[in-house]
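> Quick one: this structure, given as structure tokens, is what I'll be asking you about.
Where a number appears in this text, it was derived from the coordinates with a stated rule and is not lab data. The model shown is predicted, which means the values in this text are computed figures rather than measured ones. As a convention, Cβ positions derive from the backbone with ideal geometry for all residues, glycine included, and neighbour counts pool all protein chains shown.
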Amino acid sequence: MRRTVFRAWIWRPALVRAGLLGKVVQVDRKVWRATWLDRDRCEVTEDFPNRRAARARVSCMAQSGLRFHDLRHSYATWLVSDGVPLNDVARVMGHEQISTTLDRYTHAFEQRGAERVRDAVADFPLTTEVEDSAEGDDGAAGAR
């Protein structure tokens, strides 16, 4: 199946059914209302005699939406953020070089890394207490 056919016949109608690309609601016994955003991000609404026709119109006319390749990106991002080693993620994604994986998915790794650094630093004492024995006879704190 060609990519364009898959996108038009399967992917975009599935997005409409999932509510991710416009919406279709029944407003009367024989009236289905289709709503979507056009190229100018303006909401468009039309009524249809059945759900199938309404979904087809939204699928055809709605702009933007989730791309099939976005699933691949999400999968790799989840793997990285769950701590799967980058060399394993690269192999699963079919990247010949780990640098390709790093270039595309490091935002998840950097976020997770930043959380680890914050957690590690949170328990680290930033000041040291001056011991009572460091005080001189005159009551002033001794220099260290």
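> Starting from the exponent 0.38 and prefactor 2.2 Å, build the expected Rg for the range 3-61 from its residue count and divide its actual Cα Rg by it.
Normalised Cα radius of gyration, the range 3-61: 1.08.
> Limiting things to C-alpha atoms, what are the Rg and the maximum Cα-Cα separation (Dmax) for the range 44-91, in angstroms?
Looking at the range 44-91, its Cα Rg and Dmax stand at 18.3, 53 Å.
> So what are the ³J(HN,Hα) numbers for the range 39-49, from phi and the Karplus equation (6.51, -1.76, 1.60; θ = phi - 60°), rounded to whole Hz, Gly and Pro as x?
Taking θ as phi minus 60°, the curve returns 4, 8, 6, 9, 6, 10, 10, 9, 9, 9, x Hz for the range 39-49.
> Let me ask something else about it. Using the crude model of +1 on Lys and Arg Cβ and -1 on Asp and Glu Cβ, and no other charge, please compute the dipole size for the range 3-61 relative to its Cα centre, in debye to 20.
340 debye
> Collect residues whose amide H, placed 1.01 Å from N in the peptide plane, falls under 5 Å from the amide H of Trp32; neighbours closer than 5 in sequence don't count.
Sorted by chain and number, the residues that satisfy this are Val27, Phe48, Asn50.
> Choose one of Val44, Gly65, Trp78: the residue whose Cα lies farthest towards the positive end of the charge dipole of the range 19-112 (beta-carbon charges +1 Lys, Arg; -1 Asp, Glu; about the Cα centre).
Of the listed residues, the answer is Val44.
> Also, I was wondering about something else. Once you put a point 7 Å from the Cα of Glu46 and another 7 Å from the Cα of Phe6, both along the Cβ direction, what distance in nm separates them?
So the label points at Glu46 and Phe6 sit 2.8 nm apart.
> So how far apart, in nm, are the two label points at Ala18 and Val92 if each is 7 Å from Cα heading toward Cβ?
1.8 nm
> Here is a further query. Evaluate E = 1/(1 + (r/R0)^6) for Val31 and Asp70, where r is the Cβ-Cβ distance and R0 equals 35 Å; express this FRET efficiency to the nearest 0.05. Display every interim value, and only then the final one.
Numbers: r = 33 Å, r/R0 = 0.94.
The computed FRET efficiency comes out at 0.60.
> How many nm separate the modelled label positions at Arg104 and Asp82, each set 7 Å beyond the Cα in the direction of the Cβ?
Here the answer is 1.8 nm between the modelled labels.
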